[in-house]
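Novice: Okay, here's the structure, questions in a sec.
Please treat every number below as a calculation from the coordinates, not as lab data. Since this is a predicted model, take the numbers as computed values, not measurements. Neighbour counts run over all protein chains shown; Cβ positions are idealised from the backbone, glycine included.
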Amino acid sequence: MEPLALPLDYSAIERIIPHRYPFLLVDRITELEPDKRIVGIKNVSSNERYLSHAPGVAPTLPPTILTEAVAQVGAILILSKPENSGKLIVFAGIDRVRYRATVHPGDVVEIEARVKRLRTRMGQLEGFARVGGRIVVDGIMTFALAPTPTIARAKTP
């Protein structure tokens, strides 16, 4: 893996984590301190398929999508380390997640993840998402690292 130069754009993010459109939820990484913290940006557009809304109510970003965006920023922090390149990161759990405000089209969500505990194959991150400096979600996420699964090829006679 080549050295990272900030900010990381969409194509650089795709080289680190396996997510792709429409489920890659991070647009840019603006800060990265290995083994400590990371800050990313998610621009919310009215074109996003998963916006939920009822007639007469402004569309909002579902809390589950917001949680996944925080997890993806944390995954970028972990998988950007050369020794973790090519590994698979799995979401092992979330604790104390609080949704404090809604996110709407036009909002720029600043997502931060900080390392709480880091081991060789497991760890915990504390994640926050802010809009205009106001926290909209926060919580603790546990992850595990596994080798990337290989696809068995069928043998032909």
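Novice: As a test of the formula, what do you get for the chain when each DSSP H run with n ≥ 4 contributes -39,500 (n - 2.57) and the sum is divided by the residue count, at 222 nm and rounded to the nearest 500 deg cm²/dmol?
Specialist: -4500 deg cm²/dmol, from helical runs alone.
Novice: I would also like to ask the following. Give the Debye-formula value of log10 I(q)/I(0) at each listed q (0.15, 0.17, 0.21, 0.29 Å⁻¹), with one equal scatterer per alpha carbon of region 66-119, two decimals each.
Specialist: With no solvent term, the Cα-only Debye profile gives -0.53, -0.66, -0.93, -1.42.
Novice: Based only on the alpha carbon positions, what is the Kirkwood hydrodynamic radius of region 83-149, in angstrom?
Specialist: Computed over Cα pairs of region 83-149, the Kirkwood hydrodynamic radius comes out at 13.3 Å.
Novice: Report, by chain and number, residues whose modeled amide H sits under 5 Å from the one on residue 4, excluding near sequence neighbours (fewer than 5 apart, same chain).
Specialist: none
Novice: What is the P(r) of region 5-59, as percent of Cα-Cα pairs per 5 Å bin from 0?
Specialist: Per 5 Å bin, starting at zero, the Cα-Cα P(r) for region 5-59 comes out as 4, 16, 23, 20, 14, 10, 7, 4, 2 percent.
Novice: Here is a follow-up. Have a look at 67, 102, 136 and report the one farthest towards the positive end of the charge dipole of the chain, computed about the Cα centre with Cβ charges (Lys/Arg +1, Asp/Glu -1).
Specialist: Of the candidates, 67 comes out farthest on the positive side.
Novice: So, one more: Of the trypsin sites (Lys or Arg not before Pro) in region 54-147, which ones lie in a loop per DSSP and count no more than 15 other C-beta atoms within 10 Å?
Specialist: Working: sites: 87, 96, 98, 100, 114, 116, 117, 119, 121, 130, 134; in loops: 100, 119, 121.
Sparse-neighbourhood loop trypsin sites (Lys or Arg not before Pro): 100, 119, 121.
Novice: Another question about this same structure. What residues qualify as long-range amide H neighbours of residue 27, i.e. H under 5 Å apart, gap of 5 or more or another chain, H built at 1.01 Å from N?
Specialist: Here 41, 42, 43 satisfy the definition.
Novice: Spelling out what I want: for every residue of region 6-17, take phi, set θ = phi - 60°, compute 6.51 cos²θ - 1.76 cosθ + 1.60 (Karplus), and round to whole Hz; glycine and proline get x.
Specialist: 7, x, 8, 8, 4, 5, 5, 5, 4, 6, 9, 10
Novice: To the nearest 10 degrees, how steeply does helix 63-79 sit against the main Cα axis of the chain, on a 0 to 90 scale?
Specialist: 40
Novice: Over the residues of region 37-95, compute the C-alpha Rg and express it relative to 2.2 N^0.38 Å.
Specialist: Working: Rg = 14.9 Å, N = 59, 2.2 N^0.38 = 10.4 Å.
That ratio works out to 1.44.
Novice: Give me the dipole magnitude in Debye, nearest 20, for region 47-157 about the Cα centre, with unit charges on the beta carbon: positive for Lys and Arg, negative for Asp and Glu.
Specialist: Working: 15 positive and 9 negative charges, 100 e Å.
Dipole of region 47-157, to the nearest 20 debye: 480 debye.
Novice: Go through 93, 111, 4 and say which Cα lies farthest out towards the positive end of the charge dipole of the chain; charges sit on Cβ, +1 for Lys and Arg, -1 for Asp and Glu.
Specialist: Toward the positive end, the furthest listed residue is 93.
Novice: Further question: Which shape class applies to the chain: rounded if a/c is under 1.5, otherwise prolate when a/b exceeds b/c and oblate if not, where a ≥ b ≥ c are the square roots of the Cα gyration tensor eigenvalues?
Specialist: It is prolate, given that a/c is not under 1.5 and a/b is the larger ratio.
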